[in-house]
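Heads up, the thing below is written out as C-alpha cells.
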Amino acid sequence: MSKYTLSVNGQTMTAEVDDDTPLLWVLRDHLNLLGTKFGCGVAQCGACTVHMNGNAVRSCVLPISAVSDNEIVTIEGLSESGEHPLQKAWVENDVSQCGYCQAGQIMAAAALLTKNPKPTDQEIDRSITNICRCGTHVRIRKAIHSASEKL
C-alpha cells in the first residue's frame, strides 16, 4: 500500500491504496465520491469518465499510480450546485432514462465543449464514445448543442 495525495475537485485528498488500484475505486471507495459509476471495467462504456487535466479519461482502467500531480474533476466537481449548462441542458432535454451512464456522458461532453465549443453532430459522435444502453444518444447530442449555446 502507498499513500497518495490527490487533487480532486479542487481539494487535496489522500488515499492509502495499492499502486494498481484504479482511480474509479479510489474515488468511490476511499474518497466517497459516488457520482462516477462502474460500467464495464475495461474502458469501453465510459460510465466511469472523469477529467484529468481537462481531458476525459476512463477511470476504471487508470491506475492511481498514473495520476500523480494531475488535477482530477468528477461529476461532483463540475458544478457544486448542478448549475453547469450541460447539467441544465440534460434536464431541459429530458436526456436521462435509467441515468446510470449520464455522469460519464456529461463529463465527456464537458471535455468536448472545452476543446470545441460548437461541435457538429459528427464531431460529437466521434468524441463522445460513451455507451448509453437506453439509447438516448440523440437527446445527448441535442443537449450538447443546447449547452454549447450557453457556454
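Please note which strands (runs of 3 or more DSSP E) are completely contained in region 30-98 and include at least 1 residues that are within 10 Å of the chain's Cα centre (by Cα) and free of Cβ contacts under 8 Å to residues at least 60 places away in the same chain.
It comes to 49-52, 55-58.
Just one of the numbered conditions (1) closer than 23 Å to Q11 by Cα; (2) open to solvent by less than 40 Å² (accessible area, probe 1.4 Å) is not true of N53; which one?
The one condition N53 does not meet is (2).
Among the residues in region 13-22, are any open to solvent by less than 50 Å² (accessible area, probe 1.4 Å) and within 12 Å of the chain's Cα centre (by Cα)?
no
Please determine whether any residue of region 4-25 is in contact with a helix residue (DSSP H, G or I) (Cβ under 8 Å, 6 or more places away or on another chain), assigned to a strand (DSSP E or B) and within 30 Å of H145 (Cα to Cα).
yes
On the given criteria, is C101 modelled with pLDDT of 95 or more, farther than 30 Å from K150 by Cβ and not acidic (D, E)?
no
Consider only pairs whose beta carbons are under 6 Å apart and that are at least six residues apart or on different chains; among these, list those whose first residue lies in region 125-151 and is open to solvent by less than 20 Å² (accessible area, probe 1.4 Å) and whose second residue is small (G, A, S).
From residues that are open to solvent by less than 20 Å² (accessible area, probe 1.4 Å), the pairs are I128/A108; N130/G46; N130/G104; N130/A108; A143/A89; I144/A109; A147/A89.
So M107 fits all but one of (1) within 16 Å of T74 (Cα to Cα); (2) part of a loop (DSSP other than H, G, I, E, B); (3) among the aliphatic types (A, V, I, L, M); what number is the exception?
(2)
The values are calculated or read from the model by the stated rules, or taken from the named source; none is laboratory data. Everything numeric in this text was worked out from a predicted model, so none of it was measured. No Cβ is skipped: glycine too gets one built from the backbone with ideal geometry, and neighbour counts run over all protein chains shown. Heads up: the accessible areas ignore ligands, DNA and RNA and are worked out on the full protein's heavy atoms, side chains in. Shrake-Rupley method; radii C 1.70, N 1.55, O 1.52, S 1.80 Å.
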